[in-house]
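Have a look at the structure below before the remarks.
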Amino acid sequence: MSVKAEQPAALSPAIAVPGDGALTQRAYPEPPHAYRSAFIRDGARVLHARAFRRLAGKTQVFTQAPGNRPGDHFRSRLTHTLEVAQISRTMAATLGLNVELAETLALVHDIGHPPFGHVGERALDEALKPYGLRFDHNLHALRIVTWFEERYPAFRGLNLTLGVREGIIKHSRDYSPAAHPELAEYFLDQLPPLEAQLIDLADEIAYLTADIEDGLDSGILRIESVLLHVPLFREFHTAARNEYPTATPRVLAGEATRRMLNVLVTDLLQEVRRRIETNKINTLDDVRSTPQRLAAFSPATETERAATKRFLYANLYNSPDLEESRAHSAAVVEKLFVQFAADPKLLPEDHREQIESQGLARTVTDYIAGMTDSFIEQTWARMS
């Protein structure tokens with residue numbers, strides 16, 4: 001597949017989220033900073049948050065290779081987040097969007113994930129269903145930044161701008177106003193700004209390419225299988241091998257995924273520009289009122305992306321090599337939930353204080369979701 005890497009022209013300045021105005025408002029008014037914009041301040045607050053630091057101890061795909069072999073170079077949620085932030089900065093700058101907002105949304109986009117990655121998320125969701133509740137990492141992220149983080153004497157939470165809070169919940173999915181009246185202030189009847197739309201696909205680009213690399217390093221993925229089933233990788237791996245015949249297998253794989261990342265970003269930028277022109281988008285209001293999101297891959301690249309994702313699900317995320325680890329992780333989350341729900345006195349005091357206002361099931365979920373992989377394992381060992 002060939003995508004010519006020409007820089008798309010910047011979009012109309014009126015499409016970008018402005019650095020002042022309604023989306024920079026905070027729930028608790030604060031005076032403007034002398035030399036930092038509202039979105040830069042939000043990014044700093046996320047970086048300094050305890051929940052952000054805990055991402056270093058949370059699974060992206062895995063933290064150890066099969067057989068519990070050490071794996072110091074595998075991505076964590078934190079390193080993945082930093083890679084998404086780099087991609088998001090590049091795309092926003094290229095299109096002339098609000099780079100500060102895009103970077104902050106990238107930094108905060110995974111802050112609501114529980115331990116053990118998607119396995120932990122599904123386990124918490126299942127545990128909540130009997131109580132008529134669900135676990136959604138976007139909505140949990142909103143709870144973190146509006147309530148759980150306590151760094152400021154004047155208010156609970158981080159007091160982030162409306163634009164960042166909207167992007168937290170809407171970057172990857174749309175919520176029904178009827179089903180979520182509590183989110184009414186976040187313009188649920190409108191699409192999010194383009195800065196937020198880009199974050200979801202920056203996330204996808206980052207993990208599709210990185211997970212191939214980590215999967216090969218772990219030994220779960222075999223290079224022969226990736227070459228056979230991922231045409232986009234095969235194209236760039238073949239080109240790199242012809243260009244650098246003496247390079248090691250690891251370096252060749254890294255070069256192939258680097259080129260994959262570049263072509264995915266380039267295609268996304270070009271398709272955004274095409275959709276902007278086709279739909280005659282000139283303002284932020286135009287972005288919000290279009291029938292579908294403007295951030296998307298071209299049809300040909302979307303086919304390649306979908307094929308890569310199907311391969312990773314079949315051969316990495318749902319790999320038999322990780323089956324024991326997945327089962328263990330789900331069991332730990334499920335059993336800890338049952339134990340805490342049965343005996344709330346096992347919860348820390350600050351969480352017990354939340355039961356009256358938040359309910360027992362949600363309070364237990366909040367506590368478990370905040371744990372790192374190592375802390376939940378230690379807690380499980382102690383309690384069992």
Given (1) free of Cβ contacts under 8 Å to residues at least 60 places away in the same chain; (2) in contact with a helix residue (DSSP H, G or I) (Cβ under 6 Å, 6 or more places away or on another chain); (3) surrounded by fewer than 23 Cβ atoms within 10 Å (Cβ to Cβ), index of the condition L139 fails: (2)
Within the stretch 352-384, residues surrounded by fewer than 18 Cβ atoms within 10 Å (Cβ to Cβ) and either in contact with a Pro (Cβ under 9 Å, 6 or more places away or on another chain) or among the small types (G, A, S) (or both) come out as R352, I355, S357, G359, L360, S374, F375, E377, A381, S384
Given the stretch 159-241, what helices (runs of 4 or more DSSP H) lie entirely inside it while holding 2 or more residues that are over 30 Å from Q25 (Cα atoms)? 194-218, 223-229
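Given the criteria buried (at least 16 other Cβ atoms within 10 Å of the Cβ) and out of contact with any Lys or Arg (no Cβ under 7 Å at 6 or more places or on another chain), does V251 qualify? Spell out the reasoning first.
On the way: buried (at least 16 other Cβ atoms within 10 Å of the Cβ): no; out of contact with any Lys or Arg (no Cβ under 7 Å at 6 or more places or on another chain): yes.
Taking the combined requirement at face value, the residue does not satisfy it.
Between R151, R165, which is without any contact (Cβ under 8 Å) to a residue 40 or more places away in the chain and of a type in the set (D, E, K, R)? Walk me through how you get there before you give the answer.
Numbers: R151 fails: without any contact (Cβ under 8 Å) to a residue 40 or more places away in the chain.
Criteria check complete, one pass: R165.
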Name the pairs: first residue in the stretch 301-325 and touching a residue at least 12 places away in the same chain (Cβ under 8 Å), second residue part of a helix (DSSP H, G or I) and of a type in the set (D, E, K, R), Cβ to Cβ under 6 Å, at least 6 apart or on different chains? T301/D267; L312/D211
Selection count, the stretch 166-181, where residues are at pLDDT below 95 and of a type in the set (D, E, K, R): 2
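For (1) modelled with pLDDT of 95 or more; (2) more than 18 Å from the chain's Cα centre (by Cα); (3) not in a helix (DSSP H, G or I), each residue gets a yes or a no:
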position: D20; (1), (2), (3): no, yes, yes
position: H33; (1), (2), (3): yes, yes, yes
position: R53; (1), (2), (3): yes, no, no
position: A85; (1), (2), (3): yes, no, no
position: R89; (1), (2), (3): yes, no, no
position: T104; (1), (2), (3): yes, no, no
Restricting to the stretch 167-182, count the residues that are in contact with a helix residue (DSSP H, G or I) (Cβ under 8 Å, 6 or more places away or on another chain) and either of a type in the set (S, T, N, Q) or under 23 Å from A16 (Cα atoms) (or both). 8
Could you list, in sequence order, the residues of the stretch 258-293 that are farther than 20 Å from E204 by Cβ and not in a helix (DSSP H, G or I)? N279, K280, I281, N282, T283, T290, P291
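Considering each residue of the stretch 343-372, count those that are more than 21 Å from N138 (Cβ to Cβ) and in contact (Cβ under 8 Å) with a residue 12 or more places away in the chain, and give that number.
If we filter the stretch 343-372 for residues that are more than 21 Å from N138 (Cβ to Cβ), which is where we start, we get 343-353, 355-357, 360.
Next cut, in contact (Cβ under 8 Å) with a residue 12 or more places away in the chain only: 344, 346-348, 351, 360.
Here the count works out to 6.
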Kindly check whether there is at least one residue in the stretch 146-156 that is crowded, with 20+ Cβ neighbours inside 10 Å, modelled with pLDDT of 95 or more and under 30 Å from R26 (Cβ atoms). no
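Out of the residues in the stretch 8-39 that are aromatic (F, W, Y) and either touching a residue at least 40 places away in the same chain (Cβ under 8 Å) or touching a strand residue (DSSP E or B) at 6+ places or on another chain (Cβ under 8 Å) (or both), state the one that is nearest to T161 (Cα to Cα).
Residues of the stretch 8-39 that are aromatic (F, W, Y), as a first pass: 28, 35, 39.
Those left that are additionally either touching a residue at least 40 places away in the same chain (Cβ under 8 Å) or touching a strand residue (DSSP E or B) at 6+ places or on another chain (Cβ under 8 Å) (or both): 28, 39.
On the way: Y28: 10, F39: 7 Å.
In this case the residue turns out to be F39.
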Look at the stretch 73-108 and say how many of its residues are under 30 Å from D373 (Cα atoms) and either without any contact (Cβ under 8 Å) to a residue 40 or more places away in the chain or of a type outside the set (D, E) (or both). 23
Just give me the residues in the stretch 273-291 being out of contact with any helix residue (DSSP H, G or I) (no Cβ under 9 Å at 6 or more places or on another chain), of a type outside the set (K, R) and in contact (Cβ under 8 Å) with a residue 12 or more places away in the chain, in sequence order. S289
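The values are calculated or read from the model by the stated rules, or taken from the named source; none is laboratory data. Bear in mind the structure is a predicted one, so any value in this text is a computation, not a measurement. Cβ: placed from backbone, ideal geometry, glycine included. Neighbour counts: every protein chain shown.
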